[in-house]
Structures are given as structure tokens and as C-alpha cells.
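Just below is one structure, and these are the notes that go with it.
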Amino acid sequence: MGPGILAGFEHRTALALLIGLAGGVIAYAIGLPLPWMLGPMIANVAAAMLRAPVKGPAGLRHIVVPVIGVLLGSGVTADMFGLISTWVLTLVLLPPFLLAAAGVSFVIYRRIGGYDPVTAYYAAMPGGLNEMILLGGEAGGSERQIALAHAARVMIVITFVALYFGLVLGVSAGGSDGANWTGFGALTLRDYAVLGLCAVAGAWLGKIARLPAAPVFGPMILSGIAHYTALVTVPPPSLFVIAAQVTIGTVIGTRFVGARLADLGRELGLAALSSGIMLIVALGFAEVIVLAGGMPLAQAFLAYAPGGLTEMSLLTLAMGQDATYVSVIHVIRITLVIAVAPLVFAMIRKPSL
């Protein structure tokens, strides 16, 4: 790749980030829930549809995702371990939830969307976007349709949940107010060194150990240990968190680059129907957990809402819920889908599908 082409790609990424930052500022100014993620996401979807020369900051995402893992680990406390027993019902109900949510979604993509069986199946699975694209492509499905389906699902789920919490429940996104703000000066050089080591070593060790969602989960584990042992007692600076949200929002928005407006409308329609039913199913399962006692509805619902791990973790933090519980459930969800989806498809695949 020549220098001119490389420079072009860099300019496209810089433009996407500038559009994302502008979208975040506007969203914050008008009081949109989760502004630093929704604003960049919406702004870059619009830019993609207007054929602006934008490109997602994939390289930067590899940097900010471990920071999010460190942030999630900063919520680990001794008191949290006393609550782990309340997670059991959530874990027990997770497989039937996935079966119900994915089953309904498959019917929508197959019967209403007219997708071929392979594409419909992997578009319906509430797993990781990259993993579902890979598995679906290897099975003979349309990688482009699977990618658009999952990108649209993540975007719709995040938008709906953020608006529901902000406008219906009146829960404001934290992280930018005085009570939750962590300035650069709140950390010592030792704190920066420990948290930086958690991010770098955690991502590397997570990959070596083949942990699910290693760039998030590895740093989260090391950060959790560091905070539990009081080696460090502060989270990363809040500006880092905002930068992570702008980056993730920009990545989501730019996933629609190259999509035609007609295709986007169709994909968003199918994703809205599929995601809406998934969210209703998630709410139903969350209500069961609430009735059994020991878990707030908002927390249980966030654990089952079928968004991406990184995105839902940031959303949970912004809404002031237990991010450790929610992120662990999402890690297990994605792991289950990745491990089981190919096996289930091999068993049920028939010409009549």
C-alpha cells in the first residue's frame, strides 16, 4: 500500500472521528442520553449515507477497548463477591433466553427478510459481530448481510435502551457530572502505571489464554484484582471514558459505509423488528429474575439486552448500574453463542429450512 493511499485512509479516519466528536458535542448540548456514544454513532451513519469519505478507527478501537476493560475492573469490590450468588438465576435462564430470542429472530430474517437459511441463522444469533461474520461466511452465508444485520442490531439496541433509561426512567448518563468525574490529577503516576499495565498485560494475557472477548475481559480481570487488593483505588480518568465512547460510537456508525440507502432501510427495518422482539423477550426474562428477588429490573434487563459487550458495558456504566455483573453475563452470552451456534446449525440444517 503506497503512502498516498495510506494517507487517504488516515484522512478518512480523522474525518470520521471529527464528525463523531461533533455529534457527541451536539448530543450532549441537547441532553440526549449517552451523548458521547449515540451522537458519534448517529452522525457517522448520516455521513455514511451521504457518501462522506469516512472510515472507522479500527486501530484506535484496539487501544480504547482495553481501557474500557480496566474501567470495568475498577468496580470490583469485596462486597461484590457477596452478590455473586444472586447471579445464578440469570445464568440458568441465559440459555433458554438465547434460544427464544435467536429463534424468533431467525424466523424474521428467514420468512420476512427472505434470507437464505445460513445467512438468516447467523444474522439472528445474538453473538459477537466479527465472530458471526466469520462463522456465517465459512458456512456459506452472505457476510455483507450478516454484518449489516449485526451492526443494525447493536445500534438499535443501544439507542433504544439509552433512550428508554433517559427519557422513560429518567436515568441520566453519568460520567460527565461532578459526582462521577475523575480528573487526570486524581491519579498518581503509580496509579497510571498500574492501570496501564493492567490494560496492556491484560489484553496480551487474555489473547494468550484465549479468553472470550480478550481485549476487554483480560484487562478487566487484572484491573479487578488490582482494585480488590487496593493496589489502586481509582478508575481511569473520565476523559478517557468519553474518548472510548466517541471511538466506539464512530466505529458503529461507520460500519454502514458502502451500504445503499435502500439496503440500509431494509436492514434497519428487519433489525428493528428482530431487536424489538429480542428486547421484549429480554424484559420478560428480566421480570422473572426480579420476581425471584435480589436483582433490580434495570440491571437484569441490561444483562439480557442483546447489544455488543463493549457497548453494553459502557451503557451500563453510564446508567450507574453494576457493570461487572452485566459485562460478565454478556461475556458468557457471546461465548455460548460462538461455541454452540455452529453445532446447533449443523444439527438442524435441512434443505427445507
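All of the numbers you see were taken from the coordinates with simple rules; none came from a lab. These figures come from a predicted structure and were not determined experimentally. Methodologically, a virtual Cβ is constructed for each residue, glycine included, from the backbone with ideal geometry; neighbour enumeration extends over all protein chains shown.
Taking 0.36 nm per residue of sequence separation and removing the Cα-Cα distance, the HIS11/ARG260 pair yields an extension gain of 87.4 nm.
Relative contact order, whole percent, for region 274-338 stands at 27, derived from Cα pairs under 8 Å and 6 or more residues apart. Using the Kyte-Doolittle scale, find the helices of the chain whose mean hydropathy is at least -0.5 and whose Cα atoms extend 27 Å or more along the helix's long axis, counting only whole DSSP H runs. Span-like helices in the chain: 3-29, 88-107, 143-163, 189-208, 261-292, 323-348.
Counting every Cα pair in region 240-304, what percent are over 17 Å apart? Please report the intermediate quantities before stating the final value.
Numbers: 1300 of 2080 pairs.
The calculated P(r) of region 240-304 puts 62 percent of pairs beyond 17 Å.
With only alpha-carbon pairs counted, each pair once and no self-pairs, how large is the Kirkwood hydrodynamic radius of the chain in angstroms? Write out the running numbers ahead of the final one.
Working: mean 1/r = 0.0483 Å⁻¹.
The Cα-based Kirkwood calculation yields 20.7 Å.
Run the helix sum for the chain: -39,500 (n - 2.57) per DSSP H stretch of 4+ residues, divided by residue count, reported at 222 nm to the nearest 500 deg cm²/dmol.
Details: 15 runs with 249 residues, N = 353.
Counting only the DSSP helices, I get -23500 deg cm²/dmol.
Each label point was placed 7 Å from the Cα along the Cα-to-Cβ direction; for THR188 and LEU283 their separation is 4.9 nm.
Assuming 0.890 mPa s and 25 °C, estimate D for region 197-353 with Stokes-Einstein, Rh taken as the Kirkwood radius over Cα pairs, in µm²/s. Stokes-Einstein gives a translational diffusion coefficient of 135 µm²/s. The calculated Kirkwood hydrodynamic radius for region 211-281 is 15.8 Å, given to one decimal from all distinct C-alpha pairs.
Mind giving me the FRET efficiency for VAL88 and LEU18? R0 is 41 Å, r the Cβ-Cβ distance, nearest 0.05 is fine. FRET efficiency, VAL88 to LEU18: 0.30. Counting beta carbons within 10 Å around each of THR316, THR119, THR229, THR159 and listing the fewest first gives the order THR229, THR159, THR119, THR316.
Each label was represented as a point 7 Å from its Cα along the Cα-to-Cβ direction; for ALA100 and VAL344 these points are 1.4 nm apart. In a fully extended conformation the segment linking ARG210 and ALA272 would gain 19.0 nm over its present Cα-Cα distance, using 0.36 nm per residue. Taking every alpha-carbon pair under 8 Å whose residues sit at least 6 apart, the chain reaches a relative contact order of 30 percent.
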